[in-house]
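Q: Shown below is the structure under consideration.
Derivation of every value follows stated rules applied to the coordinates shown; laboratory data play no part. Not measured: the values here are computed from a predicted model.
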Ligand SMILES: CC(C)(COP(=O)(O)OP(=O)(O)OC[C@H]1O[C@@H](n2cnc3c(N)ncnc32)[C@H](O)[C@@H]1OP(=O)(O)O)[C@@H](O)C(=O)NCCC(=O)NCCS
């Protein structure tokens, strides 16, 4: 995948250790998300997430990305190529900066991503939202994702698995 093609509006960069402070600043303002998906973010949890992989995937399948408007980090996305199958892309995490929320930027980023994924032959995008999180559920439904009927439980919350057909 060519991340320079993910967006025409924003510069997309792979996040490195040096970016953790900026990612933390963005994430730590999103209190509602961590209310539903505890524990609250830390710099250590971001460092762990940057390396985290689903079963049978490798770091070369992982795209932990920052979206920049000029030099300002406005969104973070964790995308896994070809998971859980060859023609599906998996969004493990997506968050926008609170200063730009509710202006359509999150939807624009997802639309651009889906267009690119379609172009390169993907057929589905899959993700999970935490059951009961009104912001996440509204956002993903608005962006064409529907619940697959599959859910799974963690110690603290239930994840609703959803998919958008490309
Ligand atoms: C979900 C998120 C990515 C949306 O980003 P955004 O840039 O605000 O996206 P948009 O402006 O395109 O759309 C936001 C939509 O959410 C709705 N929304 C915002 N807060 C809400 C809430 N508390 N309850 C219900 N809907 C809410 C807005 O009304 C808007 O929908 P509308 O256009 O139908 O009115 C952003 O709110 C976020 O980062 N939240 C925390 C992380 C998260 O939940 N990520 C998704 C799960 S991985």
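Q: For residue 31 and residue 155, calculate 0.36 nm times their separation in residues minus their Cα-Cα distance, and state this gained length in nm to one decimal.
A: Answer, rounded to one decimal: 42.7 nm.
Q: Is the range 3-126 rounded, prolate or oblate when judged by the Cα gyration tensor, a ≥ b ≥ c being the square roots of its eigenvalues, rounded requiring a/c under 1.5 and prolate requiring a/b larger than b/c?
A: On the way: a/c = 1.60, a/b = 1.20, b/c = 1.33.
It comes out oblate by the Cα gyration axes.
Q: Take the alpha carbon atoms of the range 1-54, find their center, do the same for the range 109-166, and report the distance between the two centers in whole angstrom.
A: What the calculation gives is 17 Å, centre to centre.
Q: What residue among 85, 30, 56 has the largest mean-square fluctuation in a Gaussian network model of the chain, using Cα springs under 10 Å?
A: For the chain, modelled as a Gaussian network with Cα springs under 10 Å, the answer is 56.
Q: Who wins for biggest fluctuation among 152, 34, 83 in a Gaussian network model of the chain, springs between alpha carbons below 10 Å?
A: Per the Cα network of the chain with a 10 Å cutoff, 152 tops the list.
Q: So what is the calculated 222 nm ellipticity per residue for the chain, using -39500 (n - 2.57) for each DSSP H run with n of 4 or more, over all residues, to the nearest 500 deg cm²/dmol?
A: -8000 deg cm²/dmol
Q: Using a Gaussian network for the chain with springs between C-alpha atoms less than 10 Å apart, which of these wobbles most: 155, 69, 78?
A: Among 155, 69, 78, the largest mean-square fluctuation in the Gaussian network model of the chain belongs to 155.
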